[in-house]
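Read through the structure below, which is laid out as structure tokens, and then see the notes.
The values are calculated or read from the model by the stated rules, or taken from the named source; none is laboratory data. Fair warning: this is a prediction, and the values are worked out from it, not measured in the lab. Virtual Cβ from ideal backbone geometry, glycine too; neighbours counted across all protein chains shown.
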Amino acid sequence: MIKAADLPDTIAVFPLPGALLLPRSRLPLHLFEPRYLQMLEDALKTPQRVIGMVQPNPYPGRETALHTIGCAGRVTQFSETEDGRYMITLAGISRFRILKEVEGFTPYRRCEVSWEGFSRDLGRTERDPQFDRDSFLNLLDRFFSARDLSTDWDSIKDADDELLINSLSMLLDFDPEDKQALLEAPSLTTRRETLVTLIEFALRGGASEEILQ
């Protein structure tokens, strides 16, 4: 099991709006920009092979600002296409807090980070003891029906609490700020409550866009 002490103090960060990585979850990514191909190459040279996913947080005067909290993943799979692009998979390790951005000579961004406060991420699979699965699945069924979407309901019904809640948090196409709220949820129960609120808001017409990526 990975310990916070084993994780690097400085990591490459990949600012990508709407892309959410959570601990013990997997995120497929398509890399094609030269700076991110260099980021991958450099990450693969390190023992941890860590890349941090973070949401941009632009505001007037700071168009390149980042949210303070992101989630780091280990590159577990990668394959190159004929035209030089890469398909990779990040396995979520732990959330982190950005302390400061590191100036340097890399074409991609790097940050000094702290892993303190996220020990839960490095532990065992979380449970949600207050999870009313039947009620949640009924809500999800209404949501998917309203969007004319299909899914593998057998897999959803068989998934454990964490896999179900985290997978939906990552897959459903909520606004970046909503994704950030799901990321920063202190527990699986809080994340599920946030997810339910977002789905209910969307069903009331709060979001008009297609919900699945």
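How do the pairs read when you match residues in region 103-117 that are touching a residue at least 12 places away in the same chain (Cβ under 8 Å) with residues anywhere that are in a loop (DSSP other than H, G, I, E, B) and among the hydrophobic types (A, V, I, L, M, F, W, C), using Cβ under 9 Å and keeping only pairs 6 or more apart or on different chains?
Val113/Leu7; Trp115/Leu7
Listed here are the residues, each with its yes/no results for (1) among the β-branched types (Val, Ile, Thr); (2) in a helix (DSSP H, G or I).
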{"residue": "Phe131", "(1), (2)": "no, no"}
{"residue": "Phe136", "(1), (2)": "no, yes"}
{"residue": "Leu140", "(1), (2)": "no, yes"}
{"residue": "Phe143", "(1), (2)": "no, yes"}
{"residue": "Leu149", "(1), (2)": "no, no"}
{"residue": "Ile156", "(1), (2)": "yes, yes"}
{"residue": "Leu164", "(1), (2)": "no, yes"}
{"residue": "Met170", "(1), (2)": "no, yes"}
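Kindly establish whether Ala19 is surrounded by 15 or more Cβ atoms within 10 Å (Cβ to Cβ), touching a Ser or Thr at 6+ places or on another chain (Cβ under 8 Å) and either assigned by TED's automatic domain parsing to the domain that holds Leu188 or not charged (D, E, K, R) (or both).
Judged against the criteria, Ala19 is not a match.
Out of curiosity, is Arg49 in contact with a Cys (Cβ under 9 Å, 6 or more places away or on another chain) and at pLDDT 90 or above?
no
Under 16 Å from Lys179 (Cβ atoms), touching a residue at least 40 places away in the same chain (Cβ under 8 Å), of a type in the set (Val, Ile, Thr) and crowded, with 17+ Cβ neighbours inside 10 Å - does that describe any residue in region 52-62?
yes
Quick check: anything in region 193-200 part of a loop (DSSP other than H, G, I, E, B) and either on the phi > 0 side of the Ramachandran plot or not polar (S, T, N, Q) (or both)?
Scanning region 193-200 turns up no residue that is part of a loop (DSSP other than H, G, I, E, B) and either on the phi > 0 side of the Ramachandran plot or not polar (S, T, N, Q) (or both).
Just wondering, is there one or more residues in region 179-186 that are modelled with pLDDT of 95 or more and among the polar types (S, T, N, Q)?
yes
Please tell me if Glu112 is under 30 Å from Leu40 (Cα atoms), at pLDDT 95 or above and surrounded by fewer than 16 Cβ atoms within 10 Å (Cβ to Cβ).
The answer is yes for Glu112.
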